[in-house]
Structure formats: C-alpha cells, structure tokens
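Heads up: the structure comes next, in structure tokens.
The values are calculated or read from the model by the stated rules, or taken from the named source; none is laboratory data. For clarity, every value in this text was computed on a predicted model and none was experimentally measured. Cβ atoms come from the backbone with ideal geometry, glycine included; neighbour counts cover every protein chain shown. The area values use the complete protein model at the heavy-atom level, side chains included, leaving out ligands, DNA and RNA. Shrake-Rupley method; radii C 1.70, N 1.55, O 1.52, S 1.80 Å.
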Amino acid sequence: MNKSADRIAGKRDAGKQALEVVAGNGLIDRRALLGRGVMLAGAMGTGIAPSAAGAESLTDGPWSLEIGEATPPYQLRSKFEAKVVRTLSNPNNEPRNSHARTPHHLLEGMTTPNGLHFTINHGGIPAIDPEQHRLVIHGLVKQPLEFSLETLSRYPQVSRVTFLECGGNSAPMFSPVPLQETVQALHGLVSCAEWTGVKLSTLFEETGIDPKAKWLVAEGADSPHLSRSVPVKKAMDDAMIALYQNGERLMPGNGYPMRLLLPGYEGNMNVKFLRRIKVVEQPAMSMYESRTYSQILPDGKAYRFYFLQEVKSFIANPSHGMALQGPGLYEISGIAYSGAGRIEKVMVSADGGTSWGQAALQEPVLSKAFTRFRMPWRWDGGPATLQSRAWDEAGNVQPTRAEFIAVRGELTKPPPILSFPNQHCNSITSWGVASNGEVKHVYA
C-alpha cells in the first residue's frame with residue numbers, strides 16, 4: 001500500500017472512530033462535528049445527503065434572467081422568510097399585557113435579530129420623542145443629575161452580548177400534563193443580543209452614592225410607570241444603560257430610547273423606557289415585585305427577590321411540530337445559557353435520560369449569553385426521547401422536571417398557554433420522536 005492509500009485509510013479509520021455511538025439510541029461522538037463535514041455528509045441517510053451533480057445540471061432560474069430590485073436605504077429580509085415571525089398574544093392591541101415570542105426553531109447562532117427579539121409590554125409601546133426624553137438619577141446621591149440621550153452619548157460606551165429572559169418564560173412546564181406546543185410557545189420569552197451603552201457605575205461616579213444606599217428603584221416612562229428594585233451591588237457590577245441593540249438604536253418594543261440592562265437577571269427588572277433611578281435604603285415593594293413576580297411555593301413561602309435566571313437549555317431542532325424525514329443522520333441543535341456565567345457543558349440524551357453524550361459547544365462561549373450546542377444523532381426509525389441538560393461554570397446544573405417540581409410544585413390543571421402564573425422554570429424539556437418521525441412535547 002502506497003503512502004496516499006495509507007492516508008486515505010487513516011482518514012477512514014478516524015472517521016469510523018468519530019462516528020462511534022457514545023450514548024443510547026444513536027447519539028454520536030461530538031468530535032464528528034469538528035472539521036469532518038465531508039465525512040458526515042457521506043454517512044447521511046435517507047432524504048438528507050446531498051445529491052451528486054455536475055456543472056452541466058445547473059439551469060438559470062428566472063431571477064438569473066432579469067435585473068433585480070434596487071437596493072433600499074434600509075435592508076429588509078427576503079420575502080421568502082416571511083414565515084419567520086414572532087407569535088403574538090395581543091395582536092389587536094387591546095389594553096392589556098402583550099407578548100411577542102421568539103421562533104427559536106427557525107433561528108441559528110447565538111444572537112437574536114432585533115425584529116424577532118421577544119418583548120413584553122404592560123401598557124403598549126410608547127412613542128417616545130428621544131429629544132425630549134430624560135433620565136434622572138436622584139435619592140441617596142451626593143449630586144442628583146439629569147441625562148439626555150445626547151448627554152449619555154458623550155460617556156464611554158461599552159458592549160456585551162447577553163440574554164434577556166422573562167421570569168415567566170417556560171411557565172407552561174408547570175402544567176401537570178405536557179402541553180402540545182412548539183418551542184416558541186414554551187420557551188419563546190428569551191432572546192440574546194449585543195447591547196451597547198453606558199455602564200451605570202460610570203454615571204454613579206458622577207452622582208456619588210450615600211454609603212447607606214443598598215437599593216435603587218428603576219422606573220419606566222410607559223403608561224404603567226413600571227418600576228423594580230435592584231441591589232446597588234448589581235448596579236456597580238455589570239449594569240448598563242443600553243442605547244443600542246445589535247448595533248442600532250433599541251427597538252421600540254425593547255425600550256427605545258434607553259433601558260436598564262442587568263445581565264443574568266430576570267427580564268422584568270431590566271426596566272424599559274428608563275426615565276428614573278432613585279437610590280434608596282430599602283426595596284420599594286412595588287406591585288411587580290410583591291405580587292406579579294412573587295410566586296407562592298408549596299411550603300407557603302413566597303419566591304420573592306430571586307433575581308438570577310438559572311442555568312437552562314432546550315433543544316430547538318428537532319422539536320415539537322417537526323417531522324423527521326426517515327431514518328438517518330441528523331444534527332440535534334439547541335440553546336443553553338445561565339445568569340451565573342458561562343456554560344461549562346451540555347449533555348444530550350436520546351433515550352429519555354437513561355444515557356447521555358456530551359454535545360459540542362459552538363464558539364464563542366460567553367458569560368450570560370446564549371451558547372449554541374450541537375450533537376450528531378443517527379436515528380434508526382424507532383421511538384426516541386430527546387433531552388438536553390446544561391452545567392454552568394459556577395457548578396449549577398439544570399434540574400430534571402421531577403427534581404424541579406419537588407421543590408417548586410406544579411399547577412393542578414393545564415394553564416392557558418399565553419399566561420405565566422409561575423416563574424423561573426428551568427427544568428429539562430423532553431421531545432418524543434415517534435416511529436413516523438413526528439415530534440411531540442412529552443414528560444420523561
């Protein structure tokens with residue numbers, strides 16, 4: 001055997017090793033995703049593998065035979081992506097809360113496009129004139145100050161990629177039976193973006209803070225004047241007055257022209273349309289922190305002032321509502337994140353948690369941001385139950401649903417899908433794959 005043949009045989013042997021099953025029901029070593037795309041393509045099964053073709057097989061489509069449209073001043077996405085949209089709880093703009101959920105099953109990567117970022121608005125979206133809007137910092141400070149948008153733009157700007165998650169995201173998982181809903185309906189109240197603005201600690205250097213101050217009360221300029229209490233310690237750490245979202249000014253539904261950004265803390269605390277920060281000794285005990293975001297636990301105590309969004313993951317593809325097109329090789333893909341820091345690892349199971357294989361984490365892996373995980377899977381056409389479980393760098397691990405409800409309890413009957421009476425659900429999500437390829441939400 002010559003050297004060329006030796007190299008080919010070596011690559012073939014490496015390919016066989018990388019495609020070895022590492023857990024039950026066909027999960028494959030994650031190394032198969034690391035620079036071995038050709039090998040994976042050759043192993044793909046029914047309906048997935050690319051077909052062989054020569055240059056002579058290409059024909060000109062109608063778009064190749066005519067001049068296209070002129071370039072617009074603001075680029076919109078292709079008309080063929082019109083179905084990639086948020087789901088709305090209040091499309092008729094009735095005077096009540098409205099939610100727009102991110103379609104995670106239709107997205108890739110780690111950041112969420114601005115137009116698809118989830119939003120919740122308690123009094124509609126105000127049309128705020130940025131020239132007239134002001135932010136006031138007062139209370140237990142040495143020098144109360146007022147900031148315009150133009151004033152803030154003169155301060156040093158910082159950027160960070162971080163997720164935002166509603167405290168009520170995944171609340172349908174409190175249901176005693178698995179609701180047959182998509183990943184968008186179950187987990188669509190979380191998104192991730194690059195945020196740019198001024199560190200709150202920089203502004204506090206200007207105003208000064210009384211040593212007695214332990215809290216601040218942030219208030220929005222929307223009609224409910226939503227307010228939340230935030231520890232000063234968090235404000236002096238990584239809090240930001242966000243002015244930009246993915247490089248452009250904040251979207252109206254995400255707080256234009258400025259919002260408070262508290263990386264890793266529950267979404268409601270990241271007050272939008274920010275107009276006031278009052279530095280105080282004690283929390284304000286506003287409606288949103290004393291009632292709305294204050295779930296009663298099974299032991300009768302209130303789950304109050306628990307700010308951190310716990311370590312969590314979910315598989316976005318395949319997920320409920322999808323259908324696998326015959327046995328063969330597939331990629332399991334999903335999202336993991338933690339308010340406590342970076343994701344350390346994600347394990348994936350195809351047999352309902354009986355065995356696990358470690359997924360590949362797509363770079364970059366950032367603190368308090370989405371981490372995309374991927375796992376190759378050879379489906380043999382039989383029933384399967386897909387799960388993911390995440391660990392963060394602080395040592396926190398995502399609980400099973402049984403572990404979660406043992407501490408947090410569950411509802412006595414299925415809730416309306418668009419309501420979230422319970423908060424901070426981070427238990428494992430399970431997708432059941434039937435022999436016909438259909439994927440449904442199950443408890444395992």
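Give, as a single signed number, the net charge of other residues whose beta carbon lies under 14 Å from the beta carbon of Gly353, with Lys and Arg counted +1 and Asp and Glu -1. Write out the running numbers ahead of the final one.
Numbers: positive: Arg389, Arg401; negative: Asp351, Glu403.
Residues close to Gly353 contribute a combined charge of 0.
What the chain shows is 47 Å² of accessible area per residue, with the surface traced by a 1.4 Å probe over protein heavy atoms.
Summarise the accessible area of the range 108-233 (1.4 Å probe, protein heavy atoms) by the percent that is carbon and sulfur.
Of all accessible area on the range 108-233, carbon and sulfur atoms account for 51 percent.
Once C-alpha pairs closer than 8 Å and six or more residues apart are averaged by separation and normalised to the residue number of the range 312-444, the relative contact order reads 32 percent.
For the chain, the antiparallel share of DSSP beta bridges with both residues in that region comes to about 95%. For the range 236-281 versus the range 83-149, the spacing of their alpha-carbon centroids is 9 Å.
Between Pro144, Val190, Asn97, the Cα set farthest toward the positive side of the dipole of the chain (charges on each charged residue's Cβ, about the Cα centre) is that of Pro144. Only Cα pairs under 8 Å and 6+ residues apart enter the sum, and on that basis the relative contact order of the range 56-215 stands at 24 percent.
The modelled label-to-label distance between Ser148 and Ala394, using points 7 Å beyond Cα along the C-beta direction, is 4.0 nm. Classify the range 309-425: rounded, prolate or oblate, from the alpha-carbon gyration tensor (a ≥ b ≥ c, eigenvalue square roots; a/c under 1.5 rounded; otherwise prolate if a/b is larger than b/c)? Cα axes put the range 309-425 in the oblate bin.
Dipole check for the chain: with +1 at the C-beta of Lys and Arg, -1 at the C-beta of Asp and Glu, and the Cα centre as origin, the magnitude is about 680 Debye.
Once you've got the Cα coordinates, tell me which of Lys83/Lys272; Lys214/Lys301; Lys199/Lys233 are over 21 Å apart. Over 21 Å Cα-Cα: Lys83/Lys272; Lys214/Lys301.
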